[in-house]
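Structure, as structure tokens:
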Amino acid sequence: MSDNHTKDIIITGTYNRYNIKKVNEVRITEPTKRVAISKQISTQSDDCTLHYEMNTLNFIRGLYLNIDDFSQLHKGNMMSQAISFINTKLRSYKTQDEKKDRRCSMISLPNVIEKMLVCSMKCYYCKENVRLYYENVRDPTQWTLERIDNDIGHTNMNCEIACFRCNIQRRTSNCIAFKFTKQMQIKKV
């Protein structure tokens, strides 16, 4: 016993010491990050190295053209990583719909890629460029699937590609009115 009326505890055993050490460590958590796409992408496959010098739109075009060959893509390939990334987002949209009891036919991966290509990776509302990959989870320029009618789930006919900023700003307001105000330009004469 020490003189401050405290009791000393002796911890023995490797497992116990390890767990105490884990508890005492200071943990600094950083916000979740995603890898940003760069202008020059180098990917390794089993037998060759592919070099892409393309922007995001050309990358999406490449995804769209290879839409039937997804099963043949190598795991380390940038295209397979993009498909996995889009599928993860689609699964979260499906979960949203299930929580709100919106039973409908979910938009498919090929339809999402087609929408990205048709809109030229520009937001449906503000016409700014949207990012396929992003650094921070709440990046305002990341792509999202915006539901035109918020009472219906994420179906092919009910979704457009929009930036996260516009998707959050619109909330449940009228889609047409919101689009009009976002694209309105006032010129002083």
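The values are calculated or read from the model by the stated rules, or taken from the named source; none is laboratory data. What you see is a predicted model; the values in this text were computed from it and never measured. Using ideal geometry, Cβ is built from the backbone for each residue, glycine included, and neighbour counts are taken over all protein chains shown.
Odds and ends about this structure:
- Top-ranked residue of the range 154-171 - restricted to ones that are without any contact (Cβ under 8 Å) to a residue 60 or more places away in the chain and closer than 15 Å to R102 by Cα, ranked as surrounded by the fewest Cβ atoms within 10 Å (Cβ to Cβ): M157
- Restricting the range 147-187 to residues that are among the hydrophobic types (A, V, I, L, M, F, W, C) and part of a loop (DSSP other than H, G, I, E, B), the residue that is farthest from E114 (Cα to Cα): I186
- Any hit, the range 95-110, residues being among the hydrophobic types (A, V, I, L, M, F, W, C), within 21 Å of T181 (Cα to Cα) and buried (at least 20 other Cβ atoms within 10 Å of the Cβ): no
- Within the range 94-112, the residues that satisfy the criterion of being more than 19 Å from A162 (Cα to Cα) and polar (S, T, N, Q) are T95, S105.
- When the test is whether a residue is of a type in the set (A, V, I, L, M, F, W, C) and modelled with pLDDT of 65 or more, M79 passes it.
- If the condition is being in a loop (DSSP other than H, G, I, E, B) and touching a helix residue (DSSP H, G or I) at 6+ places or on another chain (Cβ under 8 Å), then the range 131-146 contributes L132, Y133, R138, D139, P140, T141.
- Test for S120: is it in a helix (DSSP H, G or I), small (G, A, S) and either surrounded by fewer than 18 Cβ atoms within 10 Å (Cβ to Cβ) or touching a Phe, Trp or Tyr at 6+ places or on another chain (Cβ under 8 Å) (or both): no
- Screening Y52 on (1) of a type in the set (F, W, Y); (2) modelled with pLDDT of 55 or more; (3) in contact with a helix residue (DSSP H, G or I) (Cβ under 9 Å, 6 or more places away or on another chain); (4) farther than 30 Å from I152 by Cβ shows it passes everything except condition (2).
- Each residue in the range 79-104 was checked for being acidic (D, E) and part of a loop (DSSP other than H, G, I, E, B), and 1 pass.
- Among residues that are in a helix (DSSP H, G or I) and not hydroxyl-bearing (S, T, Y), I107 is not included.
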